[in-house]
1. Would you pick out the residues in region 6-37 that are open to solvent by 80 Å² or more (accessible area, probe 1.4 Å) and either among the small types (G, A, S) or touching a Pro at 6+ places or on another chain (Cβ under 7 Å) (or both)?
2. Given the conditions (1) touching a residue at least 24 places away in the same chain (Cβ under 8 Å); (2) touching a helix residue (DSSP H, G or I) at 6+ places or on another chain (Cβ under 9 Å), report the number of the one that H61 does not fulfil.
3. Inspect region 55-70 for any residue being part of a helix (DSSP H, G or I) and either touching a Pro at 6+ places or on another chain (Cβ under 8 Å) or over 19 Å from E81 (Cα atoms) (or both) and give the result as yes or no.
4. Do we have A43 as assigned to a helix (DSSP H, G or I), open to solvent by less than 80 Å² (accessible area, probe 1.4 Å), on the phi < 0 side of the Ramachandran plot and in contact with a strand residue (DSSP E or B) (Cβ under 6 Å, 6 or more places away or on another chain) here?
5. Give region 55-83 a look and list any residue that's surrounded by 12 or more Cβ atoms within 10 Å (Cβ to Cβ) and under 20 Å from A21 (Cβ atoms), or say none.
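The values are calculated or read from the model by the stated rules, or taken from the named source; none is laboratory data. What you see is a predicted model; the values in this text were computed from it and never measured. Cβ placement follows ideal geometry from the backbone for every residue including glycine, while neighbour counts extend to all protein chains displayed. For the accessible areas, the whole protein counts, side chains as well, though only heavy atoms, and no ligand, DNA or RNA atoms are used. Shrake-Rupley method; radii C 1.70, N 1.55, O 1.52, S 1.80 Å.
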Amino acid sequence: MVRYAEHPAVEVQAHVSAPPAVVWPLVSDISLPARFSTELVAAEWIDGAAGPCAGARFAGHNQHDAVGSWQVTCTVVTCDEHRAF
C-alpha cells in the first residue's frame, strides 16, 4: 500500500513515431489532458510560470462525483525541449 505521506509520484515513458517538433507542443501542454479526462477539469501554471521549464509549478483542478473537488500542485522536474518533460 502506498500512502500519500510517502509522496508517491508518476513517471511515464513512451516511444512515438513522430518528429519531436510535432509531439513537443502536445506533451508539454498541461491543459490538454483535461480535454480527455473525466476527472481533470483544468490545469494552470502558478507562481508566475508562463510555460514548461524545470522548477515550474502548475495546479491541476480535479472533480469526481464520489469524492468531490480537489487541487494538486505539480512541479516540473525535467524539461529538455523536444526530449523530455
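1. Listed by number, the residues that qualify are A9, A14, S17.
2. (1)
3. The first filter runs over region 55-70 and keeps only residues part of a helix (DSSP H, G or I), leaving none.
Looking through region 55-70, none of the residues is part of a helix (DSSP H, G or I) and either touching a Pro at 6+ places or on another chain (Cβ under 8 Å) or over 19 Å from E81 (Cα atoms) (or both).
4. Numbers: assigned to a helix (DSSP H, G or I): no; open to solvent by less than 80 Å² (accessible area, probe 1.4 Å): yes; on the phi < 0 side of the Ramachandran plot: yes; in contact with a strand residue (DSSP E or B) (Cβ under 6 Å, 6 or more places away or on another chain): yes.
Spelling it out, it is not the case that A43 is assigned to a helix (DSSP H, G or I), open to solvent by less than 80 Å² (accessible area, probe 1.4 Å), on the phi < 0 side of the Ramachandran plot and in contact with a strand residue (DSSP E or B) (Cβ under 6 Å, 6 or more places away or on another chain).
5. Scanning region 55-83 gives V76, C79, E81, H82.
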